[in-house]
1. Kindly check whether there is at least one residue in segment 67-74 that is open to solvent by 70 Å² or more (accessible area, probe 1.4 Å), over 27 Å from PHE121 (Cα atoms) and at pLDDT below 95.
2. From the list LEU105, LEU84, LEU64, LEU48, pick out the single residue that is touching a residue at least 24 places away in the same chain (Cβ under 8 Å) and surrounded by 13 or more Cβ atoms within 10 Å (Cβ to Cβ).
3. Answer yes or no as to whether LEU97 is surrounded by 17 or more Cβ atoms within 10 Å (Cβ to Cβ) and more than 20 Å from VAL3 (Cβ to Cβ).
4. So which residues in segment 20-40 are surrounded by 12 or more Cβ atoms within 10 Å (Cβ to Cβ) and without any contact (Cβ under 8 Å) to a residue 24 or more places away in the chain, if there are any at all?
5. Can PHE29 be described as at pLDDT 90 or above and over 15 Å from the mean Cα position of the chain (by Cα)?
6. In segment 1-13, is there at least one residue being assigned to a helix (DSSP H, G or I) and without any contact (Cβ under 8 Å) to a residue 12 or more places away in the chain?
7. In the list VAL60, VAL55, which residue meets the criterion of being among the aliphatic types (A, V, I, L, M) and either modelled with pLDDT under 95 or over 18 Å from ARG99 (Cβ atoms) (or both)?
8. Going residue by residue through segment 11-31, is there one that turns out to be touching a strand residue (DSSP E or B) at 6+ places or on another chain (Cβ under 6 Å) and among the basic types (Lys, Arg)?
Amino acid sequence: MPVYTVHAPVASGADLAAADKFTFVRDGFHFWAAVLSGLWLIWHRLWLALLGWIVMTAAVEIGLAQLGAGRGAIMLANMLIAILMGFEAASLQRWTLSRRKWRQLDIVVADHEEAAERRFFDRWTARQRGLANDQWAVDRGGPPPTRNIPGQPFSKPPPPLPQGGIIGLFPEPGGSR
């Protein structure tokens, strides 16, 4: 089953009003990122990753051509870069989100993105309701009084310990057995 990471922008917080801005990033191999790397990076607006991919691809091609490698070796190197891009596409998305000051909220395991959203929001809304939005909470009043409030029956100091300082059925030192 695929694993999804859930991200939210820090500026808007992680409340119900910002829930439509949450992003789900699927971990694993991205086929279209491997086949059409440049277009995939543009589609997902990963501009620094696109720049890095262009520089790396050009450097590998120029470097191998300067070394006198054949077209087959250059094509093999480009295929390896494409496979690497397919495997690291989700990491590039998470890196870009963290650079844009988004934070990771949760990790969800589900068959597809819609099931991941449903599973995440079920768990997240239950947690939100439990923290501050519990409509069924009862106001229990102020904290209980403490011992140093004068005039209350339990404000008296506890009774003194027995002569030997031992409470219970323990033998007294020097006593008979």
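The values are calculated or read from the model by the stated rules, or taken from the named source; none is laboratory data. Predicted model only: the values in this text are computed from it and were never measured. Heads up, the Cβs are rebuilt from the backbone with ideal geometry, glycines too, and the neighbour counts pull from every protein chain shown. These accessible areas exclude ligands, DNA and RNA; they are computed on the full protein's heavy atoms, side chains included. Shrake-Rupley method; radii C 1.70, N 1.55, O 1.52, S 1.80 Å.
1. To start, the set of residues in segment 67-74 that are open to solvent by 70 Å² or more (accessible area, probe 1.4 Å) comprises 67, 71.
Pick out the ones that are also over 27 Å from PHE121 (Cα atoms) and you get 67, 71.
Those left that are additionally at pLDDT below 95: 67, 71.
Yes, the conditions are met somewhere in segment 67-74.
2. Details: LEU84 fails: touching a residue at least 24 places away in the same chain (Cβ under 8 Å); LEU64 fails: touching a residue at least 24 places away in the same chain (Cβ under 8 Å); LEU48 fails: surrounded by 13 or more Cβ atoms within 10 Å (Cβ to Cβ).
Of the residues listed, the single one that is touching a residue at least 24 places away in the same chain (Cβ under 8 Å) and surrounded by 13 or more Cβ atoms within 10 Å (Cβ to Cβ) is LEU105.
3. Details: surrounded by 17 or more Cβ atoms within 10 Å (Cβ to Cβ): yes; more than 20 Å from VAL3 (Cβ to Cβ): no.
Against the criterion (surrounded by 17 or more Cβ atoms within 10 Å (Cβ to Cβ) and more than 20 Å from VAL3 (Cβ to Cβ)), LEU97 does not qualify.
4. Within segment 20-40, LYS21, TRP32, LEU36, GLY38, LEU39 meet the criteria.
5. Working: at pLDDT 90 or above: yes; over 15 Å from the mean Cα position of the chain (by Cα): yes.
Against the criterion (at pLDDT 90 or above and over 15 Å from the mean Cα position of the chain (by Cα)), PHE29 qualifies.
6. Step one: of segment 1-13, the residues assigned to a helix (DSSP H, G or I) are none.
No, segment 1-13 has no match at all.
7. Working: VAL55 fails: either modelled with pLDDT under 95 or over 18 Å from ARG99 (Cβ atoms) (or both).
Just a single option satisfies the conditions, and that option is VAL60.
8. Yes, segment 11-31 contains a residue that is touching a strand residue (DSSP E or B) at 6+ places or on another chain (Cβ under 6 Å) and among the basic types (Lys, Arg).
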